[in-house]
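Take a look at the structure set out below.
Values in this text are rule-based calculations from the coordinates and carry no lab data. Remember, predicted model here, so these are calculated numbers, not experimental data. Heads up, the Cβs are rebuilt from the backbone with ideal geometry, glycines too, and the neighbour counts pull from every protein chain shown.
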Amino acid sequence: MNDKPVLEVVDIYKKYQDYDLLCGVSLEVFPAETVCLLGPSGSGKSTLLRIIAGIEGAERGVVKWAGKDLSEVPAHHRRFSLMFQDYALFPHLNVHDNVAFGLKMQRMDEMLIHRRVAESLKMVNLQAFGQRRVTELSGGEQQRVALARALAPRPRLIMLDEPLGALDRSLKDQLNKELRNLLKRLAIPVIYVTHDQEEAYTIADRIIILHDGHIIQQGKPEEIVSQPKTLWLAGFLGFTNIIGGRVSKLNPLTSVTPFGEFISTAQLSNCKVGQKVTLVLKPIDVQLGTKNSSQNILRGKVSEVLFKGENYQIVVDIGKGISISIQSSQRLSIDDVVNIYFPPHGVLCYEK
């Protein structure tokens, strides 16, 4: 990766109806990098895109491209493309004219427009759809048209705001992979907004987590999943098995809980023996049955079994009013009594 970012977002603040929507957000995007803004609805993701695009202003902060402040550069001169979730296609125009619309606004030569439209439709495998009305297209085909329109001006940055949000899961998975391959071939920087973790894992080189107007963590997808920095983020990623404990040893980090001792590979900063902690037990990579260990073991009774296509989601009542959920390829039955071993890398430890 080039060591110099092309896009710099520096200390952006934005209010919405007296609510601090963005609070000092700063980020960088490098050449040919796909960055995913991941976070729940209302976290400020779409607003940040609009500020970068120049459609909205910020109370404070600057957006830079190649080191140049874009504050005085209007949206139509930034050469950024923004694709909206609802696609914003014109129902009275056919596919060709929808893709050509922005080029015509630039007063581009007619022959060049036709060539650009043809190239863009070919990129998204819709080269035979030019004369079709967009109202005759499926949701996935409309998404491709909107993407072709975003690509036609040959932007130096493309921003996609929940581009697959309106599609069903199977089509979303298919288009997500196709989109990643296309963006890699184009080799232009991309900001991709979603609240769907699976989308983010598939498409992103780097994920930036936005919550309550703040960036709380960023890194490669596997880094985010292996060690979420906050308890909120662990829950957002679907890690909801929580038990309380107290640190009994620092090396390795060991906590005593009402259910036994647990060792974690994660280290807490300034951690002390006796400190109260919250342990999050990841539902994956667990081992069922007996384990030659007195640590990292939970014992309980199966209360629910759901088949999830490749694995089973199993809910186990471990007592004291607490149930945990795990994923396993092993089929269990209701009321089975089971021992569950959580490897140290699957035990996250947070200050209480």
Problem set entry | Compactness relative to 2.2 N^0.38 Å, alpha carbon Rg of the range 243-348 | 1.10
Exercise. Mean residue ellipticity at 222 nm from the helices of the chain, using -39,500 (n - 2.57) per DSSP H segment of n ≥ 4 over the full residue count, to the nearest 500 deg cm²/dmol?
Worked result: -7000 deg cm²/dmol
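Pull out the extension gain between LYS64 and GLN295, defined as 0.36 nm times the separation in residues minus the alpha carbon to alpha carbon distance; nm, one decimal. Intermediate results must be reported in sequence, preceding the final value.
Values: separation 231, 0.36 × 231 = 83.16 nm, distance 5.15 nm.
Gain on extension, LYS64 to GLN295, equals 78.0 nm.
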Exercise. How many nm separate the modelled label positions at ASP168 and GLN17, each set 7 Å beyond the Cα in the direction of the Cβ?
Worked result: 3.5
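Please report Rg over Rh for the range 219-276, where both radii come from the alpha carbon positions and Rh follows the Kirkwood definition.
Values: Rg = 12.3 Å, Rh = 12.5 Å.
Radius of gyration relative to Kirkwood radius: 0.99.
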Problem set entry | Entries of LYS14/LYS68; LYS308/LYS352; LYS15/LYS276; LYS249/LYS282; LYS249/LYS320; LYS14/LYS352 with Cα pairs more than 27 Å apart | LYS308/LYS352; LYS15/LYS276; LYS14/LYS352
Exercise. Got a sec? Which residues in the range 235-266 would a label at VAL273 touch, if it sits 7 Å along Cα→Cβ and we count backbone N under 20 Å?
Worked result: 245-258, 260-266
Exercise. Between SER26 and ILE55, what is the spin-label point distance in nm, taking each point 7 Å from the Cα along the Cα→C-beta axis?
Worked result: 2.7
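Does the range 1-43 classify as rounded, prolate or oblate by the C-alpha gyration tensor (a ≥ b ≥ c root eigenvalues; a/c under 1.5 gives rounded; else a/b over b/c gives prolate, otherwise oblate)? Don't jump to the answer; show the numbers that get you there.
Details: a/c = 4.62, a/b = 1.98, b/c = 2.33.
Oblate, because a/c is 1.5 or more while a/b does not exceed b/c.
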Seminar exercise, completed: Using alpha-carbon coordinates alone, the radius of gyration and Dmax of the chain in Å work out to 24.3, 75
Problem set entry | Additional length obtainable on full extension of the chain from VAL10 to ARG132, 0.36 nm per residue less Cα span | 39.6 nm
Exercise. Using 7 Å Cα-to-Cβ label points, what is the ARG331/HIS77 separation (nm, one decimal)?
Worked result: 6.7
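Quick check on the exposure proxy: order THR202, THR240, THR47 from fewest to most C-beta atoms within 10 angstrom.
Working: THR202 16, THR240 13, THR47 20.
With the fewest neighbours first, THR202, THR240, THR47 line up as THR240, THR202, THR47.
Need the full-extension length gain, LYS229 to ASN181, defined as separation in residues times 0.36 nm minus the C-alpha distance. One decimal, nm.
Details: separation 48, 0.36 × 48 = 17.28 nm, distance 2.99 nm.
That works out to 14.3 nm of additional length.
Taking the Cα centre of the chain as origin, work out the dipole magnitude from +1 charges on Lys and Arg Cβ and -1 charges on Asp and Glu Cβ, in debye rounded to 20.
Values: 42 positive and 38 negative charges, 95 e Å.
The calculated dipole for the chain is roughly 460 debye.
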